[in-house]
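Working notes, beginning with the structure itself.
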Amino acid sequence: MIDAHLAANAAGASGCPRPEDTDIDPVNGDLLIAFTAAGRDDGGSSDPAIFTGPKGQPLWPHGWVMRLSDGDTGRGARFRWRMVALGGAPWEGGLGFSNPDNLAFDPAGNLWLVTDRSGGDVFGNNSCWLLPRAGPEAGQALCFAIGPMECELCGPCFDAGGHTLFLAVQHPGEGQGVRQGKAMEAQAHSLVDRSGQRFEQLRWVPIGSNWPSGVPGRPPRPGVVAIRRLDGKPLLS
């Protein structure tokens, strides 16, 4: 038996911040990796030469999506790291999501991601994001779907024609359990608009969940949802 963490350190492997999922780019064969967040513990921390926040912070709580490419003609000999997307609030230099967890490519090569967070902060519920490969919105992260209260969205995947996106909804109501009646709580958040002006936002947020039934007092349940267009065309037509 061998301690894989210690062996990797001894071999000079790159320290990584909570890698959660990988997927192969269908266009060029690169490996994309979702890194949920960077912290530090007794085992060390992520490599600051690769993983930093928008201002060079070595510890960044909102995560990254990184691209790993072969560095030369000898496949697997050397690698090149490149950032695809940086988590965090837009006014802090991020793309608007936090803690990327699972990745998926659609048939056109666009990247999709889902988040895994505890909630209760400025980012709201866990959500699904689209990162267009080309066009005027390339380089942006577009919020496509928002999950129920206190759930984690996971396992995004598409049918062969790109008509349907499947998402698993894990543990809705994990923290507060069953929503009773119309129970809600107020959450105050400080935000920054596109002109750089700070403002305060008050949100009324459900306490607990009744997903998917929506019936007050009924326990929430996990499930899988299928998202498709009503006209039957591919999702991003």
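The values are calculated or read from the model by the stated rules, or taken from the named source; none is laboratory data. Note that the coordinates shown come from a computational prediction; the quantities given were computed from them, not determined experimentally. Glycine also receives a Cβ, built like all others from the backbone with ideal geometry; neighbour counts cover every protein chain displayed. The area values use the complete protein model at the heavy-atom level, side chains included, leaving out ligands, DNA and RNA. Shrake-Rupley method; radii C 1.70, N 1.55, O 1.52, S 1.80 Å.
Decide, for segment 113-237, between rounded, prolate and oblate: order the square roots of the alpha carbon gyration tensor eigenvalues as a ≥ b ≥ c, take rounded if a/c falls under 1.5, and otherwise choose prolate if a/b is larger than b/c, else oblate. Oblate.
Here the gap between ILE146 and LEU6, fully extended at 0.36 nm per residue and compared with their Cα-Cα distance, gives a gain of 46.5 nm. For ALA145, the amide hydrogen comes within under 5 Å of the amide hydrogens of CYS128, counting only partners 5 or more places away or on other chains and with H modelled in the peptide plane. Across segment 215-228, rounded Karplus estimates of 3J(HN,Hα) from the backbone phi angles (6.51 cos²θ - 1.76 cosθ + 1.60, θ = phi - 60°) give 8, x, x, 8, x, x, 9, x, x, 10, 10, 10, 10, 9 Hz, Gly and Pro being marked x.
Around ALA188, under 15 Å between beta carbons, what's the net of Lys plus Arg minus Asp minus Glu among the other residues? Net local charge, ALA188 excluded: -1. Note on P(r) over Cα pairs in 5 Å bins from 0, in percent: of the candidates [x] 1, 6, 12, 15, 17, 16, 14, 10, 5, 3, 1, 0, 0; [y] 1, 6, 12, 17, 20, 18, 13, 7, 4, 2, 0, 0, 0; [z] 1, 6, 13, 17, 17, 15, 10, 7, 5, 4, 2, 1, 0, the value calculated from this structure sits at [x]. Segment LEU236..ASP47, full-extension length gain: 64.4 nm, with 0.36 nm per residue of separation and the alpha-carbon distance subtracted. The phi torsions of segment 137-147, fed into the Karplus equation with coefficients 6.51, -1.76 and 1.60 and a -60° offset, translate into couplings of 9, 4, x, 9, 10, 10, 6, 9, 8, 10, x Hz, rounded to whole numbers, with Gly and Pro shown as x. Projected label points at SER14 and LYS182, each 7 Å from Cα along the beta carbon direction, are separated by 5.1 nanometres.
Could you report the chain's accessible area per residue, 1.4 Å probe, as an integer in Å²? Spell out each step's value before the answer.
Values: 13040 Å² over 237 residues.
The answer is 55 Å² per residue.
In this structure the amide hydrogen of HIS62, modeled in the peptide plane, comes within under 5 Å of the amide hydrogens of ALA38, none closer than 5 places in sequence on its chain.
Potential lengthening of the chain between VAL27 and SER195 amounts to 56.8 nm, from the contour at 0.36 nm per residue minus the alpha-carbon distance. Here the Karplus relation 6.51 cos²θ - 1.76 cosθ + 1.60, evaluated at θ = phi - 60°, turns the backbone of segment 96-106 into coupling constants of x, 9, 9, 6, x, 10, 10, 10, 7, 9, 8 Hz, with x for every Gly and Pro. All other residues whose Cβ lies under 12 angstrom from that of GLN176 are scored, Lys and Arg at +1 and Asp and Glu at -1, for a net of -2.
Of the accessible area of the chain, with the probe set at 1.4 angstrom, what percent is carbon plus sulfur? Could you put the intermediate results ahead of the total?
Details: 6930 of 13040 Å².
Ligands and nucleic acids excluded, carbon and sulfur give 53 percent.
Distances between placed amide hydrogens fall under 5 Å for ASP47 paired with GLY15, CYS16, all partners being 5 or more residues away or on another chain. For the chain, the mean residue ellipticity at 222 nm estimated from helices alone is -1000 deg cm²/dmol, where every DSSP H run of n ≥ 4 contributes -39500 (n - 2.57) and the total is divided by all residues, rounded to the nearest 500.
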